[in-house]
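Participant: Here it is, the structure, as structure tokens.
The values are calculated or read from the model by the stated rules, or taken from the named source; none is laboratory data. Worth saying up front: this structure is predicted, and the values here are computed from it rather than measured. Glycine also receives a Cβ, built like all others from the backbone with ideal geometry; neighbour counts cover every protein chain displayed.
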Amino acid sequence: MPETLPTELGATLPALARRAIERHLAGSERLVPGDDPRLRARGASFVTLDKAGELRGCMGSTRPQRPLGEDLVANAISAATADPRFPPVDAAELAGLRIEVSVLSAPEFIDFADERALCESLRPGVDGLILFAGCRNATFLPQVWEQLPDPAMFFAALKQKAGLAPDRPARNLMAARYTVDTWSESG
């Protein structure tokens, strides 16, 4: 995947996600993303659904394991129907949702001696973070910095999301950072 997607392609991604959800909710065959070679390259995406300024669903991939177009379609459907925090979206509700698509850069592991060093290495508003603790892992997209602007609070909340105690020492944990290109539907 290129470092950044061209604006003209990225701007079409939320519409592609919406069409994938519409087709799924209508019981149609899964949307085929098209033949753009940039959608056929491996990529990782997150699809976020927003209803009146509140999160309504968010699902994604942190590693590029399949073509970006397929990843986007699968994550759009999952955000609408499989986010365990929310009931599935229905067709009537979809019109009132705003869709945001984030395409992730390749994760880069961070060397750190302790939590303070990790927090000091983070770039608020820029870095997404994946936390690994044995079989557990969790991620926050860079957009989460808007709610948690302090690196220590960001990291503590991410540990909690991973099912770890917020005061658990950072030793024996692994972390990787990534950046995103993000596009939203207007409105």
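Participant: Can you find a residue in region 83-95 that is assigned by TED's automatic domain parsing to the domain that holds residue 21 and within 24 Å of residue 67 (Cα to Cα)?
Facilitator: yes
Participant: Which one is nearest to the chain's Cα centre (by Cα), of the residues in region 31-55 that are buried (at least 20 other Cβ atoms within 10 Å of the Cβ) and part of a strand (DSSP E or B)?
Facilitator: Step by step, filter region 31-55, then rank; the result is 46.
Participant: Separate question: Looking at region 139-160, which of its residues are over 13 Å from residue 175 (Cβ atoms) and either in contact with a Ser or Thr (Cβ under 8 Å, 6 or more places away or on another chain) or of a type in the set (S, T, N, Q) (or both)?
Facilitator: Answer for region 139-160, where residues must be over 13 Å from residue 175 (Cβ atoms) and either in contact with a Ser or Thr (Cβ under 8 Å, 6 or more places away or on another chain) or of a type in the set (S, T, N, Q) (or both): 141, 142, 143, 147, 160.
Participant: Got a sec? Which of 156, 175 is touching a residue at least 12 places away in the same chain (Cβ under 8 Å), of a type in the set (A, V, I, L, M, F, W, C), farther than 26 Å from residue 16 by Cβ and outside any loop (DSSP other than H, G, I, E, B)?
Facilitator: Result: 175 is the single residue among 156, 175 that is touching a residue at least 12 places away in the same chain (Cβ under 8 Å), of a type in the set (A, V, I, L, M, F, W, C), farther than 26 Å from residue 16 by Cβ and outside any loop (DSSP other than H, G, I, E, B).
Participant: Considering each residue of region 31-50, count those that are more than 13 Å from residue 66 (Cβ to Cβ) and among the charged types (D, E, K, R), and give that number.
Facilitator: The qualifying residues number 4.
Participant: OK, next. Return the residues of region 137-161 that are under 14 Å from residue 176 (Cα atoms) and of a type outside the set (Phe, Trp, Tyr); say none if nothing qualifies.
Facilitator: 137, 138, 139, 141, 142, 158, 159
Participant: Exactly one condition in (1) of a type in the set (Ser, Thr, Tyr); (2) touching a Cys at 6+ places or on another chain (Cβ under 7 Å); (3) not in a strand (DSSP E or B) is false for residue 28; which is it?
Facilitator: (2)
Participant: So, one more: Counting only residues that are surrounded by 18 or more Cβ atoms within 10 Å (Cβ to Cβ) and in contact (Cβ under 8 Å) with a residue 60 or more places away in the chain, which one in region 139-153 is farthest from residue 114 (Cα to Cα)?
Facilitator: Restricting to residues being surrounded by 18 or more Cβ atoms within 10 Å (Cβ to Cβ) and in contact (Cβ under 8 Å) with a residue 60 or more places away in the chain, the top hit is 141.
Participant: Of everything in region 71-124, what is of a type in the set (Asp, Glu), in contact with a helix residue (DSSP H, G or I) (Cβ under 8 Å, 6 or more places away or on another chain) and free of Cβ contacts under 8 Å to residues at least 60 places away in the same chain? Give them in sequence order.
Facilitator: Those that are of a type in the set (Asp, Glu), in contact with a helix residue (DSSP H, G or I) (Cβ under 8 Å, 6 or more places away or on another chain) and free of Cβ contacts under 8 Å to residues at least 60 places away in the same chain: 115, 120.
Participant: Restricting attention to region 138-153, which residues are over 14 Å from the mean Cα position of the chain (by Cα) and either part of a helix (DSSP H, G or I) or assigned by TED's automatic domain parsing to the domain that holds residue 47 (or both)?
Facilitator: Hits for region 138-153 are 146, 151, 152, 153.
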